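Where a number appears in this text, it was derived from the coordinates with a stated rule and is not lab data. Bear in mind the structure is a predicted one, so any value in this text is a computation, not a measurement. No Cβ is skipped: glycine too gets one built from the backbone with ideal geometry, and neighbour counts run over all protein chains shown.
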Amino acid sequence: MNRLAHETSPYLRQHADNPVDWWPWGPEAFAEAARRDVPVLLSVGYSACHWCHVMAHESFEDEASAEVVNELFVCVKVDREERPDVDAVYMEAVTAVSGSGGWPMTVWCTPDGRPFLAGTYFPRERAHGRASFVEVCRAVADAWRDQRDALERQADQLRDAVRERSSLEGLALRVPEGGLEARGAVAAALAAVADSFDAQEGGFGRAPKFPQPSWLELALRGAATGDTRLEVAVRTTLDAMASGGIYDHLGGGFARYATDRAWLVPHFEKMLYDQAGLLRAYLHGWQLYGQPAWRQVCEEVVAYVERDLAQPEGGISSAEDADSEGEEGRFYVWSHDELRQVGGDAAVAWYGASPGGNWEGTNILWRPQRGDLLRPPEVEEARARLFEHRSHRVRPGLDDKVLTEWNAMWAAALAEAGLVFGRTDWVASADRTTSFLHDALRRDDGRWLRAWQRDGGARHLGVANDVAWVVEACVRMAEATGAVRWVTRATDAAAQLLEHHEDPAGGGVFTVASDGEQLLARQKDVYDGATPSANSVAAAALLRLGALTGDSRWTDGGRRVLDALTPLLAVAPTAATGVAGALLSVLEGPIEVVVTGSRPDLVAAAVQPFKPDRVVAWGERYPGPLWEGRDQEGVAYVCRAYACERPVATADELTALL
C-alpha cells in the first residue's frame, strides 16, 4: 500500500494499492521532488471518471509503467472533487496546451509547482499520433536532464499563460502533435467522396449506380462537421434513391442497384445487406437533418424485411430474385391502364406513370418530385390497394439461406434504429434474430458458422466478416436492451475474431480462420464495396466494444487493424471509406454515456443526436471501468475524447451536453 491508504477520499483510496508510489497533494511531495531534483507527475481525477479508471488500469496498475514513473518522478494524486482549487489551476494549464480539458488530467511540474507539460489521457501504447504514457515520461525525464533551461522557460511561459487564461477565454483547438498525417488521410477520403458525387442526380460515380452505404456513412460524418459539399451530397442522394425506381414504393426496401444515372431503372433483386446498410444511412440522415420522409423510408424498409424476409425461427432470408415468371421486374412494373384501374388518377400522377411507360413499355413506380415522399391520404389509400393487388402476383424467388454476416448486419442496424426511434418492437425483433444466430449458427465449441437453412442446418466455418458483424450486432444489442448477456456475447466473439483471424505479423484480419480451409492464398477483405470490408467492420466493432467495456484488448485490437489499413486511404480512399470512419473514431475519441437507475428519458436523449462514436450503457451493470464509481442513481455520466464531464440529471441537460 502507498501513502494514499491513509487518505479519506474514496478516489485516492482506489489507488492505494497501485505499484505507483503515490503521494497526496501537499508540501511534502514537492519537497521530496526538490530533494531528488526530479519533476512532479500530477494526476487529477475523480471516482466516477471512466477514463481515469482506464488510465489507472493501463498504466498505474502496471508494474513496468510504475517502475518507470517511480524512478523518474515524484507522483502526486489529487481528487478534483476534494481539491477543486488544485484542479482549476492545473486545468488551465491543460487547456492552454491543448485547447480543451477534462479528466484524467496529467501534468508535469517543476518542484515548485510550475507546470511545463499538460494533457489528459495518455494511452499505454502509442496509437495514431497519441504518444504512449511511458514514452512521454521518458521524454520528459530526458528533457529535464539535458534541456533544463528550456523546460524552465517553458514552465514560466505556461505559468504566465495559466494566469492570463484566468481572465481571458479559450484558445483555438490545436491538432494533436503527430495527428496531421492521419487527419490528412481522412480529409483526402472525404474529398474523394465529395469529388465523386453526382450533383444532378445524386449518388456517386456514373451508371450503373450502387447505393454505397459506406460512402454515405462517411459523407454523413463529414456533413455533420459542416462540410456543405457533403451535406448536399447526403441530402440529394438520400432523396434521389428514395424517389427513384430503385426503391419499392409499395412494399418498401431497395433493389441492389440502378442501371441508369437517375436511379429509375433498378436491377430488381433485393439483398438483405442493402436493407441493413440503407436503414442505417437513412436513420443517420434523419438524426442529422430530421427529414420526416427519411424516417418513413426506415419504417418501410423494416416492414419489408419483417414481412417478406423474416423466418419463423428468427433468421432473415438473404435475398429476393429480380425475376418472376421468367421476366425481370415483372412483379414490380405496371401498365398505365392497370395502375389507373387499381390506384386511380391519384396513383398515376403520384408515381409518374404514362401510357408509353418508362421502361420497356411498362411503368416502374417512382416519384418525379424528388424528395416529396410523404403521401397524402388519397395516395396512401391508392398505395394500399396497389400493394394488395400486387400481392396476388407470382413473387420473385426467395433465397432463404440465413447468413451470419448479413443477419448480424441487419440486427445491428435494426437494434440501433429501434433504440433511436423508441420502437421496442424493432429491438425485440433484433433480439430474436441475434439470439437465433447464437442458437443455430455456432458449433458446440462456440465457433461461428457461416450459413443456415431450415432443411440442412448450419454449415461452413464462419469467415472474418461473420464474426466481425456478430461483434457489432451484440454491441448494438447491449446498447438497445441494457442487458449484460450481449456484452458477454460481444466479448466472446471479439476474442474469437482476434484469436483466429488476426494477422500478428502483417496486421489486419484474414478472411479465413487460422484453422479453416487454407486455399491457394490466405486473403484479407480490405476494400469497402456494396458491403463494408471485414477489416473495416472489425476495426469499428472492436473500437465500439472497447468503448462500451473499457477493455483495452478490444480497443487495441481495433487500432491494430486500422494501423494496417490506413495506408489504403493514400492510394484508394473511396475503397476504404469504412477505414476512414473508424480512423475518425480514434482521432476524435469516443463519447461514452452511462445512465444509472431507471431513466428511459435519459437513454432516449442520449441516442437522439447523430454521434457515430457515442456508446450508451444503461440497465444491468457489468464489470469494467465504464461503471466504476457511478453510484449516483438516476443521472447520466458523459465522457468524451478520453475526458469526463460532470453528471447531469435531466434530458435537456444531457441533450445540451451532447
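Things to note:
- Residue 74 sits among other residues whose Cβ lies under 12 Å from its own Cβ, and their net charge, with Lys and Arg +1 and Asp and Glu -1, is -1.
- Taking the Cα centre of the chain as origin and assigning +1 to Lys and Arg Cβ atoms and -1 to Asp and Glu Cβ atoms, the resulting dipole is close to 500 debye.
- The calculated pair-distance distribution of the stretch 549-597 uses every alpha carbon pair, bins of 10 angstrom beginning at 0, and gives 23, 46, 21, 7, 2 percent.
- The chain: angle of helix 148-165 to the longest principal axis, Cα-based, in degrees nearest 10: 60
- Inter-part distance where the stretch 585-625 and the stretch 217-259 are each reduced to a Cα centre, Å: 27
- Under the shape rule built on the C-alpha gyration tensor, where the axes satisfy a ≥ b ≥ c, the stretch 332-392 is oblate, since a/c reaches at least 1.5 while a/b does not exceed b/c.
- Summed side-chain charge close to residue 37 - residues other than residue 37 whose Cβ falls under 10 Å, Lys, Arg +1, Asp, Glu -1: +4
- A viscosity of 1.002 mPa s and a temperature of 20 °C, combined with the Kirkwood radius over Cα pairs in Stokes-Einstein, give a translational diffusion coefficient for the stretch 384-428 of 164 µm²/s.
- With helices as the sole contributors, the chain gives -15000 deg cm²/dmol at 222 nm; each DSSP H run of n ≥ 4 counts as -39500 (n - 2.57), and the sum is divided by every residue.
- In terms of surrounding Cβ atoms within a 10 Å radius of their Cβ, 55, 91 rank from fewest to most as 91, 55.
- Eligible lysines near residue 401 by straight Cα distance, threshold 22 Å, same-chain separation 8 or greater: 270
- Annotation: amide H of residue 23 within the under-5 Å range of 75, 76, 77, sequence separation 5 or more or interchain, hydrogens built in the peptide plane.
- Listed as lacking a disulfide-compatible partner in the chain: 75, 109, 137, 298, 474, by the criterion of no other cysteine Cβ under 4.7 Å.
- Over the chain, the pair-distance histogram of Cα-Cα distances with 20 Å bins from zero comes to 18, 47, 27, 8, 1 percent, rounded to whole numbers.
- Ordered by the number of other Cβ atoms lying within 10 Å of each residue's own Cβ, fewest first, 271, 477 fall into the sequence 271, 477.
- Between 0 and 90 degrees, the angle of helix 272-289 with respect to the longest Cα principal axis of the chain falls at about 60 degrees.
- Computed from Cα positions, the angle between helix 577-588 and the longest principal axis of the chain comes to roughly 30 degrees.
- For the stretch 3-165: rounded, prolate or oblate by the Cα gyration tensor [a/c cutoff 1.5]: rounded
- Across the stretch 278-425, Cα-Cα distances exceeding 28 Å account for 30% of all pairs.
- Listing 108, 410 from fewest to most neighbouring C-beta atoms within 10 Å gives 108, 410.
- Along the stretch 351-368 the Karplus relation, 6.51 cos²θ - 1.76 cosθ + 1.60 evaluated at θ = phi - 60°, assigns HN-Hα couplings of 9, x, 7, 9, x, x, x, 10, 7, 6, x, 10, 10, 7, 6, 7, 10, x Hz to successive residues, with x for each Gly and Pro.
- Beta bridge orientation in the chain: antiparallel %, DSSP, nearest 5: 75
- Sequence-separation-based contact order of the chain, relative, with Cα cut under 8 Å and 6+ spacing, percent: 12
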